[in-house]
Amino acid sequence: SSSSSSSSSSSTTVAVRRRTTIIDAGSGAGNLAIPLAACLLETMEDEIEILAIDTNEFALQRLSERAETMPIVGKNIRTLAADLADVNSILGHIPSENDVVVVSLHACGAASDYAMNLAHVRDAPFVVCPCCTAKSLTKREDSTRNDTTKNNNASFQRSGATSEITYPRSKWLNDVLNSNDADAEYAILAKVADVGLGPQTPSQQRGHQRRAKHIVELDRLAYSSSREYGYETGLVRVRRHDPTVYGKGEMLLGAKGGSVAAGVFGDLLLE
C-alpha cells in the first residue's frame, strides 16, 4: 500500500519553472525595460519580472508612469534607485531562488562594467551595449559614502569608476600595452573609441573610432572570459545600425561556460 501511494505521488510530480529576474542596469526612463517587458510578458507573465535600476529617481518615476499605462507591463516591472557599484545591495532585492539575466543599453562608462559585474556575481548571462568609454576614466567618489555632499545623479558619479574597477580590464590588453604606462595608453584608446582621431576625414575618423571601440569592448569580454569567471563571450553589432549616424552599436554577449544561455548565444553568433 505504501509503495503504491509513493508511486502515485511520484507520477504526479511536475517540474516547477523558476522565475527569472531581468536586471536593466542603468535603465533611465525605461527605453529598454518597457519594450522588453511588452515583448516577453505577453506569453511569459508568470515567469519574468524586470528590475529597472538607476541612480536617477526622476527617470525611474517617469519609467513607472509610462509602464502604468500598460497593465501587464506595469505589474511586472520593479524600479530600484541604486548605484550600480552597490552590487550586494542590489542583489539583496532579488530572491535567491530566481534566475537572473543582466541587460544594459548605453550605460555610460564604467556603468557597463558594473552591469557585467552584477552578472558575474550571480553567474548570470549578460547583454550589454556600452557607450561613452572615456567617461570611465573619470574618478568618482566612494560608493560607500553616505553623506549630503555626494551627488549620485552627477554624470561623473554614474559613469566614473571606483577603485574596484581598473583599466585595462583584462590581462590580455595589459600585456599588449606598454606595461610601464598602460593606464595612459588605455586612456588614449578609450578617448579615440569615443570620438576618433583628428584632424581627419569623417570616414577616417569613424574607422579609427570603430577599431578603438572594438579593442575596448574585446578587453571587457576578455575579462569575463578569464579563468576567474569562465564566461563564453561574443561581440556583435546591432543589425541595421548606421555607423555614420551613431558609431556605438556594439553588443557584448556573455554567459557562463556550458550553460544553456551560452549555447543560445553561440547559435546567435553563427547566424
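The values are calculated or read from the model by the stated rules, or taken from the named source; none is laboratory data. This one's a predicted model, so the numbers in the text were calculated from it and none came from an experiment. Methodologically, a virtual Cβ is constructed for each residue, glycine included, from the backbone with ideal geometry; neighbour enumeration extends over all protein chains shown. We work out accessible area using only protein heavy atoms, side chains counted, and drop any ligands, DNA or RNA first. Shrake-Rupley method; radii C 1.70, N 1.55, O 1.52, S 1.80 Å.
Quick notes
- With the cut-off at under 20 Å, measuring from each backbone N in segment 15-56 to a point 7 Å along the Cα-to-Cβ line of residue 62 picks out 24-38, 51-56.
- For segment 20-111, the Kirkwood hydrodynamic radius comes to 13.0 Å, computed from all pairs of different C-alpha atoms.
- Kirkwood Rh in Å, taken over segment 35-85 so that all alpha-carbon pairs contribute: 11.3
- With only Cα atoms counted, segment 68-108 has Rg and Dmax values of 12.4, 32 Å.
- Members of 171/248; 191/256; 171/256; 135/213; 75/248 lying beyond 21 Å, as alpha-carbon distances in this model show: 171/248; 191/256; 75/248
- Remark: segment 18-120 carries 42 Å² of accessible area per residue (probe radius 1.4 Å; ligands, DNA and RNA excluded).
- Lys, Arg +1 and Asp, Glu -1 on Cβ, resulting dipole of segment 15-127 about Cα centre, debye, nearest 20: 100
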